Amino acid sequence: MKDTTTRLTAARGLFLVAALLSFVLSVVLYFGGDEIEGIFVGIWVPTILALGAFLVPRHDPETRERVEGDRR
């Protein structure tokens with residue numbers, strides 16, 4: 001279970017780093033004179049975060065089963 005938790009944490013971190021890099025790149029492009037390219041790259045930020053939310057589950061299945069079993 002710890003290995004799964006570590007992998008999920010690493011995957012979430014990877015998506016956050018990718019979104020942060022996209023944000024920084026968009027700011028650099030926008031204020032560097034390429035406004036259209038900066039706006040285009042800025043649109044990637046919510047897309048990357050949404051993809052991360054879709055692909056990386058918030059709770060792992062083992063924890064969910066244990067919590068649902070406790071409710072019964």
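Out of the residues in region 1-35 that are basic (Lys, Arg) and more than 10 Å from the chain's Cα centre (by Cα), which is modelled with the highest pLDDT? Ranking the qualifying residues of region 1-35, first place goes to 7.
Output the residues belonging to region 36-51 that are loosely packed, with under 13 Cβ neighbours inside 10 Å and either within 14 Å of the chain's Cα centre (by Cα) or not in a helix (DSSP H, G or I) (or both). Those that are loosely packed, with under 13 Cβ neighbours inside 10 Å and either within 14 Å of the chain's Cα centre (by Cα) or not in a helix (DSSP H, G or I) (or both): 43, 46, 47, 50. The set of residues in region 6-24 that are loosely packed, with under 12 Cβ neighbours inside 10 Å and of a type in the set (Ser, Thr, Tyr) comprises 6, 9.
The values are calculated or read from the model by the stated rules, or taken from the named source; none is laboratory data. Model, not experiment: these values are computed from the prediction. Here Cβ is always computed from backbone atoms with ideal geometry, including for glycine, and neighbour counts include all displayed protein chains.
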